[in-house]
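Novice: Before I ask anything, here is the structure I am working with.
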Amino acid sequence: AKESFSWEEYLKETSSTPAPPSFFRQSRVPPSNDFKVGMKLEVHDPRNSTSVCIATVMGMTGVRLRLRLDGSDNTNDFWRLVDSSDIQPIGTCEKNGDMLQPPLGFRMNASSWPMFLLRTLNGAEMAPATAFKKEPPPLSQNNFKPGMKLEAVDKKNPYLICPATIGEVKGGEVFVMFDGWRGAFDYWCQHHSRDLFPVGWCSVTKHSLQKPGNSVNLPKNLHVITPAHIPSKPSRRSIPAPFRLPNPLPPLPVRKGVRGRRPKS
Ligand code: MLY
């Protein structure tokens, strides 16, 4: 097994070419990460984008921040780039005449939100305005072509960035295929998605880059030939088991007086 992944060798081995950096909605010179773990900021609630919430930086890798909404649980952390337009300094919302909202799934009674907000901001370290970098504008044209290589966020494990290939292009969308994972993690997204990066991005921003998976990528209509040392059954976790709803459906729990809360799916 190889100790580390090298794009240079991999591109040669697979005789493939990287998608040009100008095709991506990323700065040509990556921004610096001036945030610190523990800092607070404002962010659009990813589950309810019209509301602006308070979040805390729980961790960082490269120029990506791991965020947790204050008043939310610890199972819904999400990631944003330091130059994401979803994040802004504390005070921005008020300046715009808006009100900070409790996150979807606020773990207390809605009536305790104003007091919670005061307490969570009291004495907090707020991310300085200079840490927020301008988001690059979206490109009007989708220039990607099937076969081009890139680095992409694994949406099922969003702390990971992996080598990937453009599989298909349709209008403004691209099909992102994760090398060596037999389609289990592939997805369609906008060509200007902030989750797509040019080859070399992880290395310059000091983000770790996963190695390609072990599975041989073959067209779907062919039998998959698996090298002898690789088990032919995919790992149980890479392919979700089919989910069936119970029939008849159990009655829904009735929650009184709790707004903005959703039953766990
Ligand atoms: N071991 C986990 C995570 C796999 C990550 C795949 N990415 C890198 C495309 C699993 O098998 O689910």
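The values are calculated or read from the model by the stated rules, or taken from the named source; none is laboratory data. This is a predicted model, so every value here is computed, not measured. Please note: Cβ atoms are built from the backbone with ideal geometry, for glycine as well, and neighbour counts cover all protein chains shown.
Novice: Filter region 162-197 for residues that are within 22 Å of SER85 (Cβ to Cβ) and in contact (Cβ under 8 Å) with a residue 60 or more places away in the chain and give the result.
Specialist: Within region 162-197, HIS191, HIS192, SER193, ARG194, LEU196, PHE197 qualify.
Novice: Continuing with the same structure: Suppose we keep only residues that are among the β-branched types (Val, Ile, Thr), at pLDDT 95 or above and out of contact with any Gly (no Cβ under 7 Å at 6 or more places or on another chain) within region 177-222. Which one would you say is farthest from the ligand (Cβ to nearest atom)? Quick ask: steps written out before the conclusion?
Specialist: Filtering region 177-222 down to residues among the β-branched types (Val, Ile, Thr) leaves 199, 204-205, 216.
From what's left, at pLDDT 95 or above: 199, 204-205.
Subsequent filtering for residues that are out of contact with any Gly (no Cβ under 7 Å at 6 or more places or on another chain) retains 199, 204.
Numbers: VAL199: 16, VAL204: 20 Å.
It comes out as VAL204.
Novice: Moving on. Here are the criteria: (1) over 17 Å from PRO128 (Cα atoms); (2) of a type outside the set (A, V, I, L, M, F, W, C); (3) in a loop (DSSP other than H, G, I, E, B). Tell me which single one GLY38 does not satisfy.
Specialist: Here GLY38 clears every test but (1).
Novice: Would you check if SER140 is within 30 Å of PRO18 (Cα to Cα), at pLDDT below 95 and either of a type in the set (Gly, Ala, Ser) or buried (at least 18 other Cβ atoms within 10 Å of the Cβ) (or both)?
Specialist: Working: within 30 Å of PRO18 (Cα to Cα): yes; at pLDDT below 95: yes; either of a type in the set (Gly, Ala, Ser) or buried (at least 18 other Cβ atoms within 10 Å of the Cβ) (or both): yes.
Yes: the conditions hold for SER140.
Novice: Got a sec? Which of ARG47, ARG25 is buried (at least 17 other Cβ atoms within 10 Å of the Cβ) and in contact (Cβ under 8 Å) with a residue 12 or more places away in the chain? Walk me through how you get there before you give the answer.
Specialist: Values: ARG47 fails: buried (at least 17 other Cβ atoms within 10 Å of the Cβ).
One residue alone meets the criteria, ARG25.
Novice: Could you look through region 63-77, keep only residues that are surrounded by fewer than 18 Cβ atoms within 10 Å (Cβ to Cβ) and touching a residue at least 24 places away in the same chain (Cβ under 8 Å), and pick out the one that is farthest from LEU160 (Cα to Cα)?
Specialist: ASP73
Novice: Only strands (runs of 3 or more DSSP E) wholly contained in region 53-171 count here; list those with 2 or more residues that are within 16 Å of the ligand (Cβ to nearest atom). Give the derivation first.
Specialist: On the way: elements: 64-69, 78-81, 149-153, 161-170.
The qualifying strands (runs of 3 or more DSSP E) are 149-153, 161-170.
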